[in-house]
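Visitor: After the structure tokens below, expect a handful of questions from me.
The values are calculated or read from the model by the stated rules, or taken from the named source; none is laboratory data. Fair warning: this is a prediction, and the values are worked out from it, not measured in the lab. A quick note on method: Cβ atoms are made from the backbone with ideal geometry, for glycine too, and the neighbour counts reach across all protein chains shown. We work out accessible area using only protein heavy atoms, side chains counted, and drop any ligands, DNA or RNA first. Shrake-Rupley method; radii C 1.70, N 1.55, O 1.52, S 1.80 Å.
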Amino acid sequence: MDTQNPNVPSHAHTPVTGKKHPNRRHPHTGLAHDHTRHTTRFTVIGNHLAQHQELSLLAIGLGVHIQSLPAGARVDIKSLAARFPEGTTRIAAALRELVAHGYLRRERERVPGGRIVTRTISCNQPGRRAEDTHAPVRRAHAPRKRTPAKPLPTVPAPACPSPTLLQQATDLLADLRRHDPRLFLSAHDTAHLAPGVAAWLERDLTPTAARHALTTDLPPQQLRRPAALLAHRLADRLPPPPPFRAPSPPPAVRHPFQTCDGCDRAFRAPAPGRCHDCEATGRPPA
């Protein structure tokens, strides 16, 4: 006996007759399937992804590829661009589509070493999580408690917080959004971070170098708390104090030439008078 197809319905549907049948116009054209049942190395993909009405073809294919990968596989833009020929720009756009429609989500977490990493999570059913099946049912009228935001990390403080130095640090922080729109800071966040930037500038670091250190190698996705990221960088990448430099001696003073009143010789002195020899011998002025 042949193997039964489990996809065949258990009962016959009411036949659609007449002009209402979808294939009535072209009974001998269209798609035909030649299926063989998979027993190993296969992935179950929902039609809501494979036949999505709004996703691009590249986003659908990329979503299917990501759902077929094992846990721990790298799905960043560079790794996917090295695997497929579409290039980083098109792959980044497809990833944004999958994020917008809920097939991907990114979560930031702190690893034991203190570093913040980004986890990419693939969702085969957008809007549902694996833990939702075990979560207790909440009452509709129970208000959800909002978790207060964590305080920003402590930043280094300058040894001499002069108003000019703090103003220079504030201007540098306010200008960061021109280099990366994600680094938009509130007035409260700027006031918290300004002493840390001032501590950098106090250590002979130029504003350009400080700006470059704060804005390079940022995560590619949207930043949830840019102020927290900058505070961590200000503390983690604090430059060392400048090397000790002994103060240079003052330049030697060269007095103008004067004519000695005793011997008519020229000598250097701040004012007219007698030379050293005439002063030593007590020679009277001429």
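Visitor: Arg211 - would you say it is in contact (Cβ under 8 Å) with a residue 24 or more places away in the chain and either open to solvent by 100 Å² or more (accessible area, probe 1.4 Å) or of a type in the set (D, E, K, R) (or both)?
Guide: yes
Visitor: Here is a further query. So, in the range 235-268, of the ones that are modelled with pLDDT of 80 or more and among the polar types (S, T, N, Q), which residue ends up surrounded by the most Cβ atoms within 10 Å (Cβ to Cβ)?
Guide: The selected residue is Gln258.
Visitor: Kindly establish whether Ala140 is open to solvent by 100 Å² or more (accessible area, probe 1.4 Å), out of contact with any Asp or Glu (no Cβ under 6 Å at 6 or more places or on another chain) and at pLDDT below 80.
Guide: In short, yes.
Visitor: When you look at Ala157, is it closer than 19 Å to Leu238 by Cβ and outside any loop (DSSP other than H, G, I, E, B), yes or no?
Guide: No.
Visitor: Can you name the residue in the range 160-207 that is in a loop (DSSP other than H, G, I, E, B), open to solvent by less than 60 Å² (accessible area, probe 1.4 Å) and of a type outside the set (A, V, I, L, M) and is also nearest to Arg245 (Cα to Cα) among such residues? Don't jump to the end; show me each part of the working.
Guide: Of all residues in the range 160-207, those in a loop (DSSP other than H, G, I, E, B) come to 160-162, 175, 180, 184-186, 203-206.
So of that shortlist, the ones also open to solvent by less than 60 Å² (accessible area, probe 1.4 Å) come out as 162, 175, 180, 185-186, 205.
Right, trim to of a type outside the set (A, V, I, L, M) and you get 162, 175, 180, 186.
Numbers: Ser162: 22, Asp175: 32, Asp180: 37, Ser186: 39 Å.
Selected residue: Ser162.
Visitor: Has the range 113-122 got any residue that is touching a residue at least 24 places away in the same chain (Cβ under 8 Å) and basic (Lys, Arg)?
Guide: No: the range 113-122 contains no residue that is touching a residue at least 24 places away in the same chain (Cβ under 8 Å) and basic (Lys, Arg).
Visitor: Shifting gears a bit: Could you list, in sequence order, all residues of the range 36-61 that are open to solvent by 80 Å² or more (accessible area, probe 1.4 Å) and part of a loop (DSSP other than H, G, I, E, B)?
Guide: Across the range 36-61, the qualifying residues are Thr36, Arg37, His38, Thr39, Thr40, Arg41, Phe42, Val44, Gln51, Gln53, Glu54.
Visitor: Name the one entry in Ala280, Ala271, Ala213 that is aliphatic (A, V, I, L, M), at pLDDT 85 or above and not in a loop (DSSP other than H, G, I, E, B).
Guide: The unique qualifying residue is Ala213.
Visitor: Oh, and also: Is at least one residue of the range 67-83 of a type in the set (D, E, K, R) and touching an Asp or Glu at 6+ places or on another chain (Cβ under 6 Å)?
Guide: Scanning the range 67-83, I find no residue that is of a type in the set (D, E, K, R) and touching an Asp or Glu at 6+ places or on another chain (Cβ under 6 Å), so the answer is no.
Visitor: Kindly evaluate Pro219 against the criterion of being of a type outside the set (Asp, Glu) and either buried (at least 17 other Cβ atoms within 10 Å of the Cβ) or over 20 Å from the mean Cα position of the chain (by Cα) (or both).
Guide: Working: of a type outside the set (Asp, Glu): yes; either buried (at least 17 other Cβ atoms within 10 Å of the Cβ) or over 20 Å from the mean Cα position of the chain (by Cα) (or both): no.
Answer is no for this residue.
Visitor: Taking Gln221 as meeting all but one of (1) part of a helix (DSSP H, G or I); (2) in contact (Cβ under 8 Å) with a residue 40 or more places away in the chain; (3) under 24 Å from Ala92 (Cβ atoms), write down the number of the exception.
Guide: Status for Gln221: all satisfied but (1).
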